[in-house]
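The next block holds one structure in the form of C-alpha cells; read it before the comments.
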There are 2 protein chains.
Amino acid sequence: MSLAVVGSIAFDAVKTPFGERERMLGGSAVHFSLAASFFCDVHVVGPVGEDFGDEEYGVLRERGVNTDGIERIEGGKTFFWAGHYEYDLNQAHTDDTQLNVFGDFEPKLSDDVKSVENLFLANIHPQLQMKVRRQCKDARLAGLDSMNLWIDTERDSLVEAISNVDLIFMNDAEVRMLTQEPNLVRAARKVMQMGPGVVVAKQGEYGAALFYGDRFFALPAYPLETVKDPTGAGDSFAGGFLGYLAGHDGATAAQDPMVLRRAMTYGSVLASYNVEEFGTERVARLTRGEIDERFSEFRRMTIFDEPS
Amino acid sequence: MSLAVVGSIAFDAVKTPFGERERMLGGSAVHFSLAASFFCDVHVVGPVGEDFGDEEYGVLRERGVNTDGIERIEGGKTFFWAGHYEYDLNQAHTDDTQLNVFGDFEPKLSDDVKSVENLFLANIHPQLQMKVRRQCKDARLAGLDSMNLWIDTERDSLVEAISNVDLIFMNDAEVRMLTQEPNLVRAARKVMQMGPGVVVAKQGEYGAALFYGDRFFALPAYPLETVKDPTGAGDSFAGGFLGYLAGHDGATAAQDPMVLRRAMTYGSVLASYNVEEFGTERVARLTRGEIDERFSEFRRMTIFDEPS
C-alpha cells in the first residue's frame with residue numbers, strides 16, 4: 001500500500017555539542033518519508049525553491065521515495081531552519097526560521113496522491129492539514145503531528161484536523177497542553193474523544209506511550225551513548241510507525257494491537273538511527289538488516305519474564 | 001533471606017491537588033520496608049521520638065516488619081517533613097524539614113541486623129551510610145539511594161559509599177549530576193566504574209532504566225489516571241526491587257539478568273500502588289494477589305511480538 005506525507009521540505013543549519021552542519025537536507029516530510037520508505041511506497045508532498053537540486057532529490061529517490069509531489073517554485077527559496085541544542089538534547093533552540101516558499105504553500109495534490117490509502121499530515125498549519133485531508137478521500141488511515149504553536153494560536157482548527165484523523169503523534173507535553181489535563185492517561189482519552197482511535201505520546205529520550213481503546217503500551221527509547229543531532233527524530237519515528245502500518249494493510253493493521261505495537265517499535269528503531277548522525281545522514285544509508293537487528297535489540301531490552 | 005534498611009522514619013505533612021494529610025507515617029525506611037515486606041524478612045532501622053506510638057509501630061508490624069531496630073529517643077521528636085506538589089507531581093516542594101532525633105542519629109546496629117545478607121542504605125548522609133555498611137560485614141548484597149544535596153555537599157563521601165555497594169538507585173538527573181555526564185548510558189557506566197555492578201536510574205512518571213554490565217533494560221511506569229501522592233514512590237520502588245532479590249537468594253539473584261529485571265518490575269508495581277493514595281495508606285493494605293495482578297499487567301503493556 002502507498003503512503004503520502006505532506007509537510008516541510010527544508011534546509012537545516014544545526015549545531016549540537018557534537019558538531020554542526022551549515023546547510024543540510026531536512027524538514028518533517030523528508031525525515032518521515034525516508035523512514036517510511038523501508039516499509040511501503042511513499043509519496044512526498046511539499047514546496048521547494050530553485051535552490052533544491054539534484055543532490056537533494058537524489059537522497060529521496062535513492063530510497064525509492066516518489067518525488068512527483070514536490071512542487072518546485074521558480075524564483076523561490078526553500079524553507080530554512082537554523083537551530084542549536086545544548087547538552088540537553090531534548091530541547092531545540094530555534095535561531096532562525098525563513099518560511100520562503102512554504103509561506104504561500106497551497107497543497108495541490110496529484111491524482112496519485114489523492115488516491116493513497118494512507119496519509120500523514122506532518123506538523124504544518126492545521127488548516128493546511130484539513131485541506132489535504134479533504135482531498136485524500138480514499139485514505140482509510142490518516143495520522144497527524146502538531147506542536148505547541150498551533151495549540152496556542154489555532155486550537156479550533158487543530159481540533160477539527162484531529163477529529164478527521166485516526167492517529168495522532170504529539171509530544172506528551174503537547175498532549176497535556178492540548179487537553180489542559182496534566183495526567184497523560186486522561187489527556188490521551190480526551191484526545192480520543194475528539195476522534196482518533198490511537199494516540200501516540202512521544203517522550204523524547206524516554207521513548208513513547210501508545211494509547212488505543214482502553215489499552216496502553218509503552219516502549220523506552222533505544223539507549224545511545226552518542227546522540228549527535230535529534231532533529232527529525234519525531235518525524236522518523238512517525239515515518240517508521242505509519243510506514244510499517246501502510247506496509248501491513250494500513251487501516252486494518254491499525255486495528256491489530258500487536259501490529260500497532262510493532263509499528264511503534266519500528267518507529268523507535270528509525271528514530272534511534274536518525275539521531276546517531278546529523279540530519280538524514282544515517283537513515284539515508286540505513287539497511288533493512290540494521291533495522292531488524294535493532295528491532296530484536298528492543299525485544300531483548302524490554303523482556304523480563306523469560307527463563308534465564 | 002533477610003533484608004535490613006537504614007533510613008528515615010518520619011511524620012509527613014503533604015498537600016497535593018488531590019488532597020492533603022497533616023501528619024502521617026512516612027520516611028524512606030518506612031516506605032522501603034513496607035514494600036519489601038511482601039518478599040522477604042525485613043528489619044527497619046532508624047530513630048524516632050516519643051511521639052512515635054503504637055499506631056505507627058502497628059502499620060509496620062502488621063506487615064511483619066521487624067521493628068526492633070527502631071531506636072526510640074526519650075524526650076525526642078520524630079523527623080518531620082512537610083511538602084506539597086503542584087499538578088506536575090514529579091516535583092516535590094519542601095515547605096518544612098525538622099530533623100529532630102534524626103539530627104544526632106548514630107546507627108547502633110543489633111547483632112541481628114549486623115548479620116543480614118541484604119542491606120539497603122536509604123537516602124541519608126553518605127558518612128552514615130558508610131558507618132552502617134562497615135558494620136554489616138555479612139551483607140553480600142547492598143544497595144543505596146542518594147540525592148542532589150549529598151552530591152553537592154558530600155561528593156567524596158558519597159563516592160566512597162557508592163564504591164562499597166552493589167546497586168545504586170538514583171533519579172536519572174542525579175546520576176547525570178554525580179558523573180557530570182549528560183548522556184545517561186555513559187553516566188551509568190561511570191557509576192559502575194566507581195564499584196556497583198548495577199545502576200538503576202529512576203525516571204519518575206517515565207519508569208526506570210536498569211544498567212548492568214554492558215546490558216540495558218527499561219520499564220515504563222504503570223499508567224495511572226490518578227496519582228494522589230508521589231511521596232515515597234522511589235523508596236517503595238527500591239523496596240520491591242531489593243525485597244524481591246532478597247527473597248530470591250540475594251547476591252546470587254542479582255547476577256541473573258531475568259531475576260534482576262523481574263525485581264525492577266516488582267519495584268515498579270510497588271511504586272505504582274504507593275502513589276495511588278497518601279503516604280503508606282495503599283501499600284499498608286495491599287495483597288500479594290494485587291501485586292501479581294499488576295505484574296502481569298506490566299507484561300501485557302510491554303510486549304510487542306506475540307501473535308495477535
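Rolled with a 1.4 Å probe across the full set of protein chains, the surface gives B:His43 an accessible area near 30 Å².
Put a plus charge on the Cβ of each Lys and Arg, a minus charge on the Cβ of each Asp and Glu, and nothing anywhere else: the dipole of the protein assembly as shown about its Cα centre is then about 920 debye. What a 1.4 Å probe finds exposed on chain B is 44% carbon and sulfur by accessible area, rounded to a whole percent. Measuring from each Cβ of chain A to the axis that turns chain A onto chain B, the shortest distance belongs to A:Tyr206, 2 (residue, then whole Å). Relative contact order for chain A: 18 percent, from Cα pairs under 8 Å spaced at least 6 residues apart, divided by residue count. The residues of the protein assembly as shown expose, per residue, 39 Å² of accessible area to a 1.4 Å probe. Under 15 Å from a label point 7 Å along Cα→Cβ of A:Ser163: give me every residue in segment A:121-136 with its amide N that close. It comes to A:127, A:130-131, A:134, nothing else.
For segment B:53-139, the alpha-carbon radius of gyration amounts to 1.31 times the rule-of-thumb value 2.2 N^0.38 Å expected for a compact globular protein.
Compared with its chain on its own, segment A:195-210 contains the following residues whose accessible area drops by 10 Å² or more in the full protein assembly (probe 1.4 Å; ligands, DNA and RNA excluded): A:Gln203, A:Glu205, A:Tyr206. Counting Lys and Arg as +1 and Asp and Glu as -1 over every other residue whose Cβ lies under 13 Å from the Cβ of B:Leu109, the net charge comes to 0. Each other copy holds its own label point for B:Glu106; taking that point as 7 Å from Cα along Cα to Cβ, the gaps run 8.5 nm, nearest first. Remark: segment B:279-290, residue by residue, has Karplus-estimated 3J(HN,Hα) of x, 8, 4, 6, 5, 4, 10, 6, 10, 4, x, 5 Hz, where x stands for each Gly or Pro and the curve is 6.51 cos²θ - 1.76 cosθ + 1.60 at θ = phi - 60°. Calculated mean residue ellipticity at 222 nm for chain A: -11000 deg cm²/dmol, from DSSP H runs with n ≥ 4 weighted as -39500 (n - 2.57), summed, divided by the residue count and rounded to 500. Given q = 0.08, 0.09, 0.14 Å⁻¹, what are the Debye log10 I(q)/I(0) values for chain B, with equal point scatterers placed on the Cα positions and solvent ignored? Taking Cα atoms of chain B as identical point scatterers yields -0.31, -0.39, -1.03. For a paramagnetic label modelled on A:Arg23 (point 7 Å from Cα along Cα→Cβ), amide N atoms under 19 Å away belong, within segment A:276-291, to A:278-281.
Taking the inverse of the mean 1/r over every pair of distinct Cα atoms in the protein assembly as shown gives a Kirkwood hydrodynamic radius of 25.6 Å. Summing both sides, the accessible surface hidden between A and B at a 1.4 Å probe radius is close to 3500 Å². For segment B:160-187, heavy-atom accessible area (probe 1.4 Å) falls by no less than 20 Å² from the chain alone to the full protein assembly at B:Asp172, B:Arg176, B:Pro182, B:Asn183, B:Val185, B:Arg186. With label points set 7 Å from Cα along Cα→Cβ, the inter-copy distances at A:Arg72 are 8.7 nm, sorted shortest first. In segment B:286-308, comparing the full protein assembly with the chain on its own, the residues that lose 30 Å² or more of accessible surface at a 1.4 Å probe are B:Arg299, B:Arg300, B:Met301, B:Thr302, B:Ile303, B:Phe304, B:Asp305, B:Ser308.
Considering all different alpha carbon pairs of segment A:179-294, the Kirkwood hydrodynamic radius works out to 14.7 Å. Partners of B:Lys137 within straight-line reach, counting lysines whose Cα lies under 21 Å from its Cα and excluding those fewer than 8 residues away in the same chain: B:Lys108, B:Lys114. Percent of C-alpha pairs per 10 Å bin in segment A:84-201, short distances first: 13, 41, 32, 14, 1. Rounded to the nearest whole Hz, the Karplus-based 3J(HN,Hα) values (6.51 cos²θ - 1.76 cosθ + 1.60, θ = phi - 60°) of segment B:14-23 follow the sequence 9, 10, 10, x, 10, x, 7, 9, 7, 6, with x at glycine and proline. Projected onto planes of every orientation and averaged, the convex hull of the alpha-carbon atoms in segment A:11-54 covers 4.2 nm². Note that segment B:156-162 has calculated 3J(HN,Hα) couplings of 4, 4, 5, 5, 5, 4, 4 Hz, one per residue in order, obtained from phi through the Karplus relation 6.51 cos²θ - 1.76 cosθ + 1.60 (θ = phi - 60°); glycine and proline are x. Considering amide H positions built from the backbone, and no H for Pro or chain starts, which residues 5 or more places from B:Lys77, or on another chain, come under 5 Å of its amide H? Under 5 Å from the amide H of B:Lys77 lie the amide H atoms of B:Glu50, B:Val101, each far enough along the sequence or on another chain. In this structure B:Leu99 has an accessible area near 90 Å², from a 1.4 Å probe over the protein heavy atoms.
Binning all Cα-Cα separations of segment A:115-269 at 10 Å, short to long from zero, yields these whole-percent fractions: 11, 44, 36, 8, 0. So the label point goes 7 Å from the Cα of B:His84 along Cα→C-beta, right? Which residues of segment B:9-27 then have their backbone N under 18 Å from it? It comes to B:12-24, nothing else. The H on the amide N of A:Ile70, modeled in the peptide plane, is under 5 Å from the matching H of A:Gly46, each at least 5 residues off or on a different chain. Looking at segment B:154-243, the pairs of alpha carbons with a distance over 15 Å make up 60% of the total. Within straight-line reach of B:Lys190, meaning a Cα separation under 17 Å, sit the following lysines at least 8 residues removed in sequence or on another chain: B:Lys202. I want the local charge near A:Gly279. Using Cβ-Cβ distances under 15 Å, sum +1 for each Lys or Arg and -1 for each Asp or Glu among the other residues. Value of the local net charge: -4. Rg ratio for segment A:222-279: its Cα radius of gyration over 2.2 N^0.38 Å, N being its residue count, equals 1.20.
The values are calculated or read from the model by the stated rules, or taken from the named source; none is laboratory data. Not measured: the values here are computed from a predicted model. Neighbour counts run over all protein chains shown; Cβ positions are idealised from the backbone, glycine included. These accessible areas exclude ligands, DNA and RNA; they are computed on the full protein's heavy atoms, side chains included. Shrake-Rupley method; radii C 1.70, N 1.55, O 1.52, S 1.80 Å.
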